[in-house]
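Notes for the one structure printed next.
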Protein chains: 2
Amino acid sequence: MMKLNELGEFALIDRIRAQVKPGAGVLRGIGDDAAQLELPVGEQLLTSTDLLIESCHFDFAWTTPADLGHKAVAVNLSDIAAMGGTPRYLYLGLACPGSAEVSAIEAFMTEALALAEAHGVTLVGGDTCRSPGPWVVSVTVEGTAATGRAIGRDGARPGDVVVVSGSLGDSALALAQLQRGQSPAEFLARRHHRPEARVALGQALAATGCVSAMIDLSDGLSSDLGHILEASHVRARLDLAALPLSEPFTAALQADPELLELALSGGEDYELLFTLAEADLPAVLDLGRQLNLPLTPVGVIQAGEPSLLLREASGAERSCQTRGFDHFAARKQRDDA
Amino acid sequence: MMKLNELGEFALIDRIRAQVKPGAGVLRGIGDDAAQLELPVGEQLLTSTDLLIESCHFDFAWTTPADLGHKAVAVNLSDIAAMGGTPRYLYLGLACPGSAEVSAIEAFMTEALALAEAHGVTLVGGDTCRSPGPWVVSVTVEGTAATGRAIGRDGARPGDVVVVSGSLGDSALALAQLQRGQSPAEFLARRHHRPEARVALGQALAATGCVSAMIDLSDGLSSDLGHILEASHVRARLDLAALPLSEPFTAALQADPELLELALSGGEDYELLFTLAEADLPAVLDLGRQLNLPLTPVGVIQAGEPSLLLREASGAERSCQTRGFDHFAARKQRDDA
């Protein structure tokens, strides 16, 4: 097996570059000081960037380099989807130890590029270097949305319905099983390792012009809804009985009712969460049927200080902590425990 | 001293966000899924991204967090400058160990934001997380250039003059002294820790329309000229006696003539290297005088397979290796040694 040390940085860049196909609007891509790009007239620029670090964001004990390549790109595509945009350009930074196998790096790149290509996204820049320890991945995705059509987190209004795509908690359940040394069912494992960015849904929702706020579920339903509530200065009530759950998740839930917490606050679903006036709901639910992606109303926006109420199946209500997952504090809790 | 663990990720982001002033064209900045930006009509997008890792790209033995903040931004501004563009938007990813002092992180951010602001660049996105080991910094800068005005590496033509801004080797000399445990003179230390991106020069050169190829000096004169030669399919001859050297560098060179190698192949000068027809040289040299930045012709482009010839002061010629610094291979040599 060839190690990165033996191949060298420039040969690695040459190999990556050879895999990249020309893309629309690319005047200069990999191989100049900066990418030079022509955006479509009448479109605004959307940019999302992420930094992923081994043992903080991923663990090679259960994540393959190929999974990592897919997920690193999917997570950023999902951010563009959450604005209702069209992703167009990708930048990848990768640092791995010199002892990393070239085949692992190539598996990472192949999956990253395959997912980008499937969405019409072109790799136009990046960076490789040697890490003294952990693998480090930086991803930047640029996309566009027609002027005034991008959807932020700040437009939710009292009376709006809260809607979520797909099913909740599958990824967190898979991770919990992996962390306990169990093997998740294939569906759950796929939801964790190969999340699908809901790009077509985001674009379709932006085109309707009736979505008031949107976010993608990376930190978990309660936390990400919390971001909308804070940005929009409203509160919300979620109906726990309404949360959309997959069959494998439902099966696990029957054995352990505590798992409902994963649907409410587990991370990495990469579904879209959005708000809209109740009058517009039927047309939007139709849109979901056309895209073959279930859309489920799960709650309602109310006037009031940002806060989240949960309504149990019994009708009882309780308040819920909304702030997102904090990497530092979470680790500190574990350190302290 | 407060540690990052005690402050938490969200509080850190809030602190950073509070320091950011509104910027032109920013419809949504920090705090949404993606930044939403309106580029000036008739301008193309330029994007540069970098990944910097402790002990690979920087060493806290002689680099302060404040220096790192400045340099991380300067290096990416320099890439936009090398295209002749106007930098506009900044994204910062920062991972540090939970034991990192909040004051160190704030010093990093303060200098990064100060340099961005000095160039009219707005922080519109980013990411913070905990690193299991090294500090990791990812930087993305977006800029623009008028359609067709950006300058790439691929336009150098036989007969063109090769010109460099500022002086060469100062940064590499400072680094060599630091690595030997010496204290560089203030001028040299500043050239290493606080490089200036030549943004105004790059813009002025792009406006002339007569620069055929341009790159910034990050890997060293010979390597970076090598990138132009490969992209333009030409060769070049450099006059060693013509290399512009600062007074402190010249003084060190008198004590040790071997140091000339640092002016030729030392990295991190962040000067601009460009080519243009000889007829356009006088007007461009005037431009340098107006900007109070020396511009020095150092060689000539010739027809032929990409290769680099060096002409010694004696008139003797020898060939020179042109490929840039390879992080993996360089480390491997050290490991093997």
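Each reported figure results from applying straightforward, stated rules to the coordinates on display, with no laboratory input. Nothing here was measured: the structure is a model prediction, and the numbers come from that model. Positions of Cβ are generated from backbone atoms using ideal geometry, with glycine treated the same way; all protein chains shown enter the neighbour counts.
Odds and ends about this structure:
- Simple label model, 7 Å out from Cα along Cβ direction - A:D59 to B:T63, nm: 3.1
- Chain B, relative contact order in percent, only Cα pairs under 8 angstrom and at least six apart counted: 21
- The range A:122-162 shape via C-alpha gyration tensor axes, a/c threshold 1.5: oblate
- Values of log10 I(q)/I(0) for the range A:161-323 across q = 0.14 Å⁻¹ run -0.69, by the Debye formula with one identical scatterer at each alpha carbon and no solvent.
- Each Lys and Arg adds +1 at its Cβ and each Asp and Glu adds -1 at its Cβ; summed about the Cα centre, chain B shows a dipole of about 180 debye.
- Between the beta carbons of B:N292 and B:D256, assuming R0 = 45 Å, the FRET efficiency works out to 0.90 to the nearest 0.05.
- Rounded to whole numbers, the Karplus 3J(HN,Hα) couplings from phi for the range A:25-32 are x, 8, 7, 9, x, 4, x, 10 Hz, using 6.51 cos²θ - 1.76 cosθ + 1.60 with θ = phi - 60°, and x at Gly and Pro.
- Inter-centroid distance (Cα atoms) of the range B:106-161 relative to the range B:193-256, Å: 19
- A simple count of charges around B:T47, restricted to other residues whose Cβ falls under 10 Å of its Cβ and scoring Lys, Arg +1 and Asp, Glu -1, yields -3.
- In a reduced charge model with +1 at each Lys and Arg Cβ and -1 at each Asp and Glu Cβ, the protein assembly as shown shows a dipole moment near 340 debye about its Cα centre.
- Sites listed here are trypsin sites (Lys or Arg not before Pro) in the range B:158-207 whose DSSP assignment is loop and whose Cβ has at most 12 other Cβ atoms within 10 Å: B:R180.
- Interchain or long-range residues, amide H under 5 Å from B:L94's placed H: B:D127, B:T128, B:C129, B:S138
- Amide H contacts for B:V298 (H built 1.01 Å from N in the peptide plane; partners 5 or more residues away or on another chain; cut-off under 5 Å): B:V162, B:V163, B:V164.
- Calculated mean residue ellipticity, 222 nm, the protein assembly as shown: -11000 deg cm²/dmol, from DSSP H runs (n ≥ 4) at -39500 (n - 2.57) each, averaged per residue and rounded to 500.
- Cα-based shape type of the protein assembly as shown, given that a ≥ b ≥ c are square roots of the gyration tensor eigenvalues and the cut on a/c is 1.5: prolate
- Most mobile of B:A35, B:A104, B:A313 in a GNM of chain B (Cα contacts under 10 Å): B:A313
- Among A:I228, A:I16, A:I301, the residue with the largest mean-square fluctuation in a Gaussian network model of chain A, with springs joining Cα atoms closer than 10 Å, is A:I16.
- Loop sites in the range B:1-68: chymotrypsin sites (Phe, Trp or Tyr not before Pro), DSSP, at most 15 other Cβ within 10 Å: B:F60
- The local environment of B:R194, defined by Cβ-Cβ distances under 15 Å, has a net charge of -4 under the rule Lys, Arg +1 and Asp, Glu -1.
- For the peptide A:51-62, the mean number of other protein chain Cβ atoms found within 10 angstrom of a residue's Cβ is 4.
- Net +/- balance of residues flanking B:V163 in space, Cβ distance below 15 Å, scoring K and R +1, D and E -1: -4
- Cα lying deepest toward the dipole's positive end in chain A, options A:A231, A:F10, A:T208, charges on Cβ: A:T208
- Shape call, the range B:1-158: gyration tensor on alpha carbons, a/c limit 1.5: oblate
- Dipole-positive endmost among A:T63, A:L287, A:S222 within chain A (Cβ charges, Cα centre): A:L287
- Across chain A, Cα-Cα distances exceeding 32 Å account for 33% of all pairs.
- For the range A:6-54, the equivalent ellipsoid built from the Cα gyration tensor has semi-axes of 26, 17, 9 Å, listed from largest to smallest.
- Label zone at B:E117, where the point sits 7 Å out along the Cα-to-Cβ direction: the range B:24-50 residues whose backbone N lies under 16 Å: B:24
- Mean sequence separation of contacting Cα pairs (under 8 Å, at least six apart), scaled by the length of the range B:4-146, corresponds to a relative contact order of 38 percent.
- Hydrodynamic radius (Kirkwood) for the range B:246-287, which is based on Cα pairs only, to one decimal in Å: 12.7
- In the range A:1-92, GluC sites (Glu not before Pro) in a DSSP loop with at most 15 other beta-carbon atoms within 10 Å: A:E38
- Take the Cα of B:M2, step 7 Å toward its Cβ, do the same at B:E101, and the gap between the two points is 1.5 nm.
- Taken about its Cα centre, the range B:161-324 carries a charge dipole of roughly 100 debye when the Cβ of each Lys and Arg holds +1 and the Cβ of each Asp and Glu holds -1.
- GNM result for chain A, Cα springs below 10 Å: residue of A:R194, A:R235, A:R15 fluctuating most strongly: A:R15
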